């Protein structure tokens, strides 16, 4: 038990050192803008389709469930703001985190793992290229930048889904739907979700690159690294969401924000 | 003879108990082609990683071109590695880059003052130097044969005109024809690049004796014998005799 705890703490420490050194190196020359843009294109652009699709149906399903529940207490006018708050503060960042961790995080771990077992990382090392600066920093940085952008897409498309269900299918009043959202949802709610998503980007970027970078044992090792990277990232996204929500609440309380 | 690489009484342990290298000393003469041979598990790859600065010795020193690698900080070590060109067993080409991009990569990384046109020109010249047909320059590594991949790997290793060329088991797993082609390529490259020191880690005894100026045989983490190929035929050391007779029989 003591050994397990010690190993866990040691692993977390290694990850933090790995992340900080990679990001710090990113600030030193040579600049890696082209690498960052390449990874942003992969993590961001290529996730827009799947994020839009899942968020549309999340908006539709959530709105339907809330409508069915609120109909019982005759509060259907609150479907819009309830969906909006749920999506911007919780579902948007969490579902985007899970989807992107699975898609891009898994690909990152597999790519780095393959590079490791095929000696490509060794080749970079002996070529005098700082592998953390070249391979890790840009990936983590791109994940942190792309996650809030993807979450914003998720929030918007989910609300489009909610609008379609509420206004076109259930035929509630469009003006009430929009006005209630406007009255309830504040910029801070959206920012809260975007902040969380940036943290999730940092977490899955770190976990997946770390697992991939330290892959051992050939093809089997690549599979294990990918699996561990994705599973750990997804679990951490869900656990961290709870703590971040509380942290943000405490932050608001400290600043006297309602 | 001036030494390009000096390995001085190096001991290496990964767990603090068992030593993989047990006081290994070796001097690789400048401008020579030196082969490091030995049975599996004798420490050849670990020695190579010490020379490349990828491992730090537990005890002892590794000096390359007069610089003690243990005195360099990680950034200095990274820069220092530009003195090496390495051909890996698997060629280790970047699979998302074309042949030309692979060879251009070290130039883009370390010769930032070069224009894209100059980088392309140098990369093409290196590829032609190792005998690769220009029609393959824009192909991905997966679209060319194993022999062409080795040529590309060698061209990439030569890109920065390194002082030390390292071949890590370059012919392991290749068929006899390809093996001979790679051996000849190593020999030609060594002759054509005056001033370069070459080190080849190999299981292929016949090739080592045919192309190397010096051979170092490792056993149990130490140098069992270092000398010219003919010294190995004359050696009275039992293990050397066994290795030589087995190697020749196999060849």
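Any residue in the stretch B:58-77 that's within 14 Å of chain A (Cβ to nearest Cβ) and free of Cβ contacts under 8 Å to residues at least 24 places away in the same chain: show its pairings with residues that are in a helix (DSSP H, G or I) and surrounded by 14 or more Cβ atoms within 10 Å (Cβ to Cβ) at Cβ separation under 6 Å, as long as the two are six or more apart or on different chains. Once the first residue is within 14 Å of chain A (Cβ to nearest Cβ) and free of Cβ contacts under 8 Å to residues at least 24 places away in the same chain and sits in the stretch B:58-77, its partners that are in a helix (DSSP H, G or I) and surrounded by 14 or more Cβ atoms within 10 Å (Cβ to Cβ) give B:72/B:80.
When the helices (runs of 4 or more DSSP H) confined to the stretch A:115-204 are screened for residues that are closer than 30 Å to residue A:79 by Cα, those reaching at least 2 such residues are found at A:137-163, A:174-184. The residues on offer are A:103, A:111, and the sole one that is surrounded by fewer than 23 Cβ atoms within 10 Å (Cβ to Cβ), within 13 Å of chain B (Cβ to nearest Cβ) and within 21 Å of the chain's Cα centre (by Cα) is A:111.
Residues in the stretch B:196-204 include at least one that is surrounded by fewer than 19 Cβ atoms within 10 Å (Cβ to Cβ), under 18 Å from residue B:40 (Cβ atoms) and touching a residue at least 12 places away in the same chain (Cβ under 8 Å). Inside the stretch B:127-148, residues that are at pLDDT 90 or above, in a helix (DSSP H, G or I) and farther than 14 Å from residue B:93 by Cβ make up a count of 3.
Do you know which residues across the stretch A:25-59 are free of Cβ contacts under 8 Å to residues at least 24 places away in the same chain, in a helix (DSSP H, G or I) and more than 20 Å from the chain's Cα centre (by Cα)? Correct list: A:33, A:34. Against the conditions (1) surrounded by fewer than 23 Cβ atoms within 10 Å (Cβ to Cβ); (2) in contact with a helix residue (DSSP H, G or I) (Cβ under 6 Å, 6 or more places away or on another chain), residue B:37 satisfies every one except (1). One residue stands out among those in the stretch A:116-130 that are crowded, with 20+ Cβ neighbours inside 10 Å and touching a residue at least 60 places away in the same chain (Cβ under 8 Å): the one that is farthest from the other protein chains (Cβ to nearest Cβ), which is A:116. Taken together, B:99, B:103 contain a single residue that is under 22 Å from the mean Cα position of the chain (by Cα), closer than 28 Å to residue B:30 by Cα and more than 11 Å from chain A (Cβ to nearest Cβ), which is B:103. Scanning the stretch B:164-180 for residues that are surrounded by fewer than 18 Cβ atoms within 10 Å (Cβ to Cβ), touching a residue at least 40 places away in the same chain (Cβ under 8 Å) and closer than 28 Å to residue B:29 by Cα yields a single hit, B:172.
Among the criteria (1) within 14 Å of chain A (Cβ to nearest Cβ); (2) touching a strand residue (DSSP E or B) at 6+ places or on another chain (Cβ under 7 Å), the one residue B:42 does not fulfil is (1).
Of the helices (runs of 4 or more DSSP H) lying entirely inside the stretch B:149-251, those containing at least 3 residues that are under 26 Å from residue B:101 (Cα atoms) span B:176-192. Of the set (1) away from every other protein chain (no Cβ under 13 Å); (2) crowded, with 19+ Cβ neighbours inside 10 Å; (3) in contact (Cβ under 8 Å) with a residue 60 or more places away in the chain, all apply to residue B:87 but (1).
Residue A:9 meets all of the listed conditions (1) closer than 30 Å to residue A:157 by Cβ; (2) out of contact with any helix residue (DSSP H, G or I) (no Cβ under 7 Å at 6 or more places or on another chain) but one, namely (1).
The values are calculated or read from the model by the stated rules, or taken from the named source; none is laboratory data. These numbers come from a predicted model, not from an experiment. No Cβ is skipped: glycine too gets one built from the backbone with ideal geometry, and neighbour counts run over all protein chains shown.
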